[in-house]
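Following: one structure in structure tokens, then a few remarks.
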Amino acid sequence: MSNLVNPYHAGRPVEGPEMFFGRDDALIWVEQQLTLDRRLLILRGPDLIGKTSVVRRLPVLLAERIRCLYFEGKQHRGRSLSQSLAALAGDLANQLMAQDLISPHQVDTATDSATAVTSLLRQASLALEAEASASEASSTGIPGRNQGQRLLLILDDAHRLSDGEPPSLNSLFDFLANLLADVPCLQLLLTLSELSYAQLNHPILLSAETFRLGPLSSDAAQQLITRPAQGALRFDAGVTNRIAEITSNHPYYLHLFCYTLYNLCARDAWINQSDIDRVLDSLLTLPNREFQAIWDRSNWAERGALTALAGLKGAHGPITRQEVLNYVRRFDPRVVPDVILDALESLADRGVLVRMGALSYRFSVNLFRYWLDRHTDPAEVLTAVDWNQLSMQLSARSASSEVEIVEPSSPPTETA
């Protein structure tokens with residue numbers, strides 16, 4: 001057993017088809033939209049949900065019809081838009097030369113980064129047109145209309161290319177709109193976090209096609225749990241369902257759980273419920289940057305709501321607003337209901353919670369509930385909350401929102 005290699009991984013995009021489970025609907029959607037000549041596609045979803053794994057499958061899927069160009073925005077986090085576009089120009093030059101669509105002497109380093117990107121893609125477009133005309137002429141003897149390949153530029157984590165701030169994102173989309181106008185054979189596919197997508201407000205989005213990537217289906221989750229370790233691990237009845245329930249079918253946390261499971265239990269080969277308890281305890285002992293970041297970004301009202309949700313023992317499904325309020329009142333009867341309700345909505349907007357109808361919520365990832373139960377103290381958190389101060393802040397914010405929606409003195413101009 002010591003020679004067995006753990007087949008699971010967490011935090012790395014899936015590279016090979018043997019570990020790619022589910023997501024056929026996303027791949028089919030992309031292929032269909034490209035076939036329909038949609039120019040701008042957006043694949044959005046929560047962090048770590050597998051957007052990169054999906055887009056990295058596309059070059060193989062589309063190889064016969066579309067030349068794929070890939071740029072990873074995550075590596076350029078914190079840079080200005082001009083710095084990101086300069087990196088994009090350099091990366092595109094290398095990829096286009098590798099695909100024999102441009103030659104080294106066509107790379108102009110003297111221009112600004114935005115112009116350089118546009119120039120490179122124009123030259124690649126002309127090369128594809130010439131290639132298509134030559135191919136058609138050789139087969140028919142008559143040069144004809146270009147039926148050749150197209151260019152697909154994939155900007156993975158595109159929101160990272162401009163510091164993730166709405167004004168910079170709008171500047172990025174201004175550039176992309178001009179790029180689509182200047183390079184007719186170009187199509188764009190962007191992956192965006194759910195939060196960054198919600199913040200976008202740009203005219204180009206009116207023509208964009210979007211697909212939201214969520215948790216895996218139940219069948220795909222079961223396949224991810226069992227197939228990679230097939231022949232090495234066997235599972236008692238109900239074990240795989242419990243793993244799926246703890247991880248909420250989230251691919252990153254499925255990999256994380258199964259990776260730990262394999263390390264702890266591969267020698268035993270047979271997995272039962274007590275093994276799941278052992279793995280869960282091990283995971284909760286280790287640092288978790290994602291969960292810690294959610295907690296650190298939460299204000300006191302949101303922390304109070306989270307500890308209440310986690311403290312409701314046995315509540316694996318939807319939890320009502322009233323249940324949360326009743327729990328909080330056990331620690332502090334002075335709680336202001338509107339503050340807690342606003343916190344629940346804010347957590348849902350951030351993707352930490354999922355709305356289940358109008359009055360109920362559940363955790364997006366149930367493992368986070370276990371983490372909160374292990375690492376936070378409801379009494380310590382809830383008794384430290386200044387409900388009056390939070391109530392005044394909420395009232396001030398609500399008043400500010402009401403001022404913002406006053407009708408303008410003159411009608412807005414239309415965007416062409």
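For residues that are polar (S, T, N, Q) and under 19 Å from TRP29 (Cβ atoms), tally how many sit in region 193-218.
Of all residues in region 193-218, those polar (S, T, N, Q) come to 193, 196, 199, 201, 207, 210, 217-218.
Next, only the ones that are under 19 Å from TRP29 (Cβ atoms) stay: 193, 207, 210, 217.
Total satisfying the criteria: 4.
Is it the case that some residue within region 331-338 is in contact (Cβ under 8 Å) with a residue 60 or more places away in the chain and touching a Pro at 6+ places or on another chain (Cβ under 7 Å)? Full working, then the answer.
Filtering region 331-338 for residues in contact (Cβ under 8 Å) with a residue 60 or more places away in the chain gives none.
Scanning region 331-338, I find no residue that is in contact (Cβ under 8 Å) with a residue 60 or more places away in the chain and touching a Pro at 6+ places or on another chain (Cβ under 7 Å), so the answer is no.
With the condition kept exactly as written, say whether any residue in region 371-394 is of a type in the set (A, V, I, L, M, F, W, C) and modelled with pLDDT of 95 or more. I'd like the intermediate steps shown before the answer.
Narrowing region 371-394 to residues of a type in the set (A, V, I, L, M, F, W, C): 371-372, 379, 381-382, 384-385, 387, 390, 392, 394.
Next cut, modelled with pLDDT of 95 or more only: 371-372.
Taking every residue of region 371-394 in turn, at least one turns out to be of a type in the set (A, V, I, L, M, F, W, C) and modelled with pLDDT of 95 or more.
Step by step: first the residues of region 21-78, then only those that are more than 18 Å from LEU213 (Cα to Cα) and polar (S, T, N, Q), then the one that is least open to solvent (accessible area, probe 1.4 Å). Which residue is that?
THR35
Look at GLU194 and say whether it is acidic (Asp, Glu) and under 30 Å from TRP371 (Cα atoms).
Details: acidic (Asp, Glu): yes; under 30 Å from TRP371 (Cα atoms): yes.
For GLU194, the condition - acidic (Asp, Glu) and under 30 Å from TRP371 (Cα atoms) - is met.
Starting from region 58-71, keep only residues that are farther than 17 Å from ASP156 by Cβ, then list their pairs with residues that are among the polar types (S, T, N, Q) whose Cβ atoms are within a distance under 8 Å, requiring at least 6 positions of separation or different chains.
ARG65/GLN149
Among the helices (runs of 4 or more DSSP H) lying completely within region 12-113, list those that include at least 1 residues that are of a type in the set (Val, Ile, Thr).
Details: elements: 24-35, 51-55, 58-62, 81-98.
Result: 24-35, 51-55, 58-62.
Tell me, which residue of region 377-389 that is touching an Asp or Glu at 6+ places or on another chain (Cβ under 9 Å) and not hydroxyl-bearing (Ser, Thr, Tyr) is surrounded by the fewest Cβ atoms within 10 Å (Cβ to Cβ)? If you could, list the steps in order and put the result at the bottom.
Just the residues of region 377-389 that are touching an Asp or Glu at 6+ places or on another chain (Cβ under 9 Å), to begin with: 382-383, 385, 387.
Narrowing further to those that are not hydroxyl-bearing (Ser, Thr, Tyr): 382, 385, 387.
Working: LEU382: 23, VAL385: 22, TRP387: 20.
Filtering first and then ranking leaves TRP387.
Restricting to region 229-265, and then to whatever is in contact (Cβ under 8 Å) with a residue 40 or more places away in the chain, in a loop (DSSP other than H, G, I, E, B) and open to solvent by 10 Å² or more (accessible area, probe 1.4 Å), can you tell me which residue is farthest from GLY45 (Cα to Cα)?
Here the answer is ALA232.
How many of the residues making up region 274-289 are under 21 Å from LEU48 (Cβ atoms) and either exposed (fewer than 15 other Cβ atoms within 10 Å of the Cβ) or touching a residue at least 60 places away in the same chain (Cβ under 8 Å) (or both)? It would help to see each step written out before you state the result.
Kept after step one, since they are under 21 Å from LEU48 (Cβ atoms), are these residues of region 274-289: 279-280, 282-289.
Subset that is either exposed (fewer than 15 other Cβ atoms within 10 Å of the Cβ) or touching a residue at least 60 places away in the same chain (Cβ under 8 Å) (or both): 280, 282-289.
Here the count works out to 9.
Go through region 208-217 and count every residue that is open to solvent by less than 80 Å² (accessible area, probe 1.4 Å) and not in a loop (DSSP other than H, G, I, E, B). Give the derivation first.
At the first step, the residues of region 208-217 found to be open to solvent by less than 80 Å² (accessible area, probe 1.4 Å) are 208-211, 213-217.
Add one more test, that the residue is not in a loop (DSSP other than H, G, I, E, B), and what stays is 209-211.
Qualifying residue count, region 208-217: 3.
Has region 290-312 got at least one residue that is at pLDDT 95 or above, under 29 Å from ARG23 (Cα atoms) and either among the hydroxyl-bearing types (Ser, Thr, Tyr) or open to solvent by less than 30 Å² (accessible area, probe 1.4 Å) (or both)?
Within region 290-312, one or more residues are at pLDDT 95 or above, under 29 Å from ARG23 (Cα atoms) and either among the hydroxyl-bearing types (Ser, Thr, Tyr) or open to solvent by less than 30 Å² (accessible area, probe 1.4 Å) (or both).
Search region 187-213 for residues that are under 18 Å from LEU36 (Cβ atoms) and pair each with any residue that is open to solvent by 20 Å² or more (accessible area, probe 1.4 Å) and among the aromatic types (Phe, Trp, Tyr) when their beta-carbon atoms are under 8 Å apart and the residues are at least 6 apart or on different chains.
THR210/TYR197; PHE211/TRP29
Based on what the data block shows, is GLN230 more than 22 Å from GLY317 (Cα to Cα), over 21 Å from the mean Cα position of the chain (by Cα) and not small (Gly, Ala, Ser)? Break it down into steps so the answer makes sense when it comes.
Details: more than 22 Å from GLY317 (Cα to Cα): yes; over 21 Å from the mean Cα position of the chain (by Cα): yes; not small (Gly, Ala, Ser): yes.
In short, yes.
Inside region 112-130, can you point out the residues that are over 32 Å from the mean Cα position of the chain (by Cα), open to solvent by 50 Å² or more (accessible area, probe 1.4 Å) and free of Cβ contacts under 8 Å to residues at least 40 places away in the same chain?
If the condition is that a residue be over 32 Å from the mean Cα position of the chain (by Cα), open to solvent by 50 Å² or more (accessible area, probe 1.4 Å) and free of Cβ contacts under 8 Å to residues at least 40 places away in the same chain, then LEU126, ALA130 are the ones that fit.
Under 6 Å between Cβ atoms, at least 6 apart or on separate chains: pull out the pairs that start in region 79-98 with a residue that is small (Gly, Ala, Ser) and end on any residue that is open to solvent by 40 Å² or more (accessible area, probe 1.4 Å).
ALA93/VAL107
Determine whether LEU367 is in a helix (DSSP H, G or I) and modelled with pLDDT under 95. First the steps, then the outcome.
On the way: in a helix (DSSP H, G or I): yes; modelled with pLDDT under 95: no.
Judged against the criteria, LEU367 is not a match.
Taking the conditions exactly as written (open to solvent by 60 Å² or more (accessible area, probe 1.4 Å), under 17 Å from the mean Cα position of the chain (by Cα) and among the hydroxyl-bearing types (Ser, Thr, Tyr)), does SER162 satisfy them or not? Steps first, please.
On the way: open to solvent by 60 Å² or more (accessible area, probe 1.4 Å): no; under 17 Å from the mean Cα position of the chain (by Cα): yes; among the hydroxyl-bearing types (Ser, Thr, Tyr): yes.
No, not satisfied.
The values are calculated or read from the model by the stated rules, or taken from the named source; none is laboratory data. What you are looking at is a predicted structure, and each value in this text was computed from that prediction instead of being measured. In this analysis, Cβ positions are derived from the backbone assuming ideal geometry, glycine residues included, and neighbour counts consider all displayed protein chains. Side chains included, ligands, DNA and RNA excluded: accessible areas come from the protein's heavy atoms. Shrake-Rupley method; radii C 1.70, N 1.55, O 1.52, S 1.80 Å.
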